[in-house]
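The values are calculated or read from the model by the stated rules, or taken from the named source; none is laboratory data. All values derive from a computational prediction rather than experimental measurement. Backbone-built Cβ (ideal geometry, glycine too); neighbour counts: all protein chains shown. The area values use the complete protein model at the heavy-atom level, side chains included, leaving out ligands, DNA and RNA. Shrake-Rupley method; radii C 1.70, N 1.55, O 1.52, S 1.80 Å.
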Amino acid sequence: MKQTKITLFIVLFFCFFFPNAYGQGIVIELGPDEVAVNETFTIKLTVSDEKIKSYHQFPEIPGFQKQGISQSSSMNVINGQMSSTHSIIQYYRPLKQGKYRLDPFTMTVNEIEVSSSGKTITVTAPSQAQRGRTSDPFDNFFGGRNEETEYVEIEDDAFFSLTVDKEEIYVGEGLNVSLAFYMSEDNQAPFNFHEPGKQLEDIVKKIKPTNAWEENFNITNIQPERILIKGKSWTRYKVYESTFYPFSEGTIHIPSIPCEMIKYKVAKNPSFFGSNR
C-alpha cells in the first residue's frame, strides 16, 4: 500500500508541475548534415495541437546568413479525433564551403524551453541540380519556370526610431529608452531582421550613458504590436527597452543609431515555382 501511494504521488506531482508538456508537443528539427553552397539549411520549429504564440529568435550559425522565415499549418481528423501542427522554418544561406558548428541552443516557445544539441554542418561545392535544371515538359504549361525571374524593389513605408519618455529628469529619476522598427499598414515591402542580437549589443554600447544605472527589460521575443501614430495604424516591433537612472547632473546625449534590415526585392511576375522574393 505504501509503495502504491508513493508512485501515485509522483505521477500527480509531475502532471501538476508540467501541464504544458502534455498539452503541446514542441519539436526542433535541424536540416541535413551536408548542404551545397547554393542550397539552404533550415531549422524547423513545430508545435502540435497549439498555435505558436511566441518564440525566441532562431540562433545564428557561423558561416551562414539568415534568409527569411516561412510558416505552415496542417490539420488532420482520424477516427473523429482532430489534431493540428503549426511550424515555423528559418532558412540559412551558406556563405562559402567548409565545416561549421551549430552549437547547442535553447529556444523559449509558448513560454516553454526546448533545446537542441546542435550539429556540424558541411558545406560542399555547388549542386549540379541547382545550377541548371533539365527541360521539363510541364514548364510551358506552368508559364516557363526556367525563365530568369526579374525582381523589383517596392517602395517601403517603414522606419526605425529610438524614443525617450522624458526630455528632463532629476538625478535618480528613471528615463525610459526604447528602440523599435515600425511598418505602416500600407507597407508592401517585405523585411526581415539581420543579426539582431549582434547589432543590439553594439547599439547598447553606444546609447548607454556612462553616469547611469540601467534596468534592462531584456526583450527576448520580438512581438508585433498594433499602434496608432497621428491617426495612422502601424505595426511596431520593439527590439530594445531600458530605464536609465542617472547618478549626477548633466546632459545625456543619445547618438543617431543605424540598424541594418534585410529588405527583399519581389518577383515582377510571381510564379508557382521558385522564389518570389
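The share of alpha-carbon pairs in region 169-227 lying farther apart than 19 Å comes to 47%.
Solvent-accessible surface of region 172-219, averaged per residue with a 1.4 angstrom probe and all protein chains in place: 53 square angstrom. Of Lys99/Lys238; Lys53/Lys99; Lys66/Lys232; Lys198/Lys265, which pairs sit farther than 27 Å apart, going by alpha carbon to alpha carbon? With Cα atoms farther than 27 Å apart: Lys99/Lys238; Lys53/Lys99; Lys66/Lys232.
For the pair Asn38 and Ser83, the difference between a 0.36 nm per residue extended length and the Cα-Cα distance amounts to 12.6 nm.
With a Förster radius of 45 Å applied to the beta-carbon distance between Thr149 and Val204, the computed FRET efficiency rounds to 0.70. Counting charges near Glu155 (Lys, Arg +1; Asp, Glu -1) among other residues having Cβ under 13 Å from its Cβ returns a value of -2. Using a Förster distance of 25 angstrom, determine the FRET efficiency expected from the C-beta separation of Asp157 and Lys265, and round it to 0.05. With R0 = 25 Å, the Cβ-Cβ based efficiency is 0.95.
Here's how it looks for Gly25: its modeled amide H is under 5 Å from those of Ser48, which are all 5 or more places away or on a different chain. Only loop residues by DSSP count here, and only those with at most 14 other Cβ atoms within 10 Å; note down the trypsin sites (Lys or Arg not before Pro) in region 153-231 that meet that. Answer in residue order: Lys166, Lys230. Of the chymotrypsin sites (Phe, Trp or Tyr not before Pro) found in region 187-263, the ones in coil according to DSSP and having at most 14 other Cβ atoms within 10 Å of their Cβ are Phe217, Phe247. Within the accessible area of region 171-277, the carbon and sulfur atoms contribute 50%, probe 1.4 Å, all protein chains present.
For region 80-121, the solvent-accessible area with a 1.4 angstrom probe is 57 square angstrom per residue. Could you list the GluC sites (Glu not before Pro) in region 181-254 that lie in coil according to DSSP, counting only those with at most 10 other Cβ atoms within 10 Å of their Cβ? Filter output for region 181-254: Glu185, Glu249.
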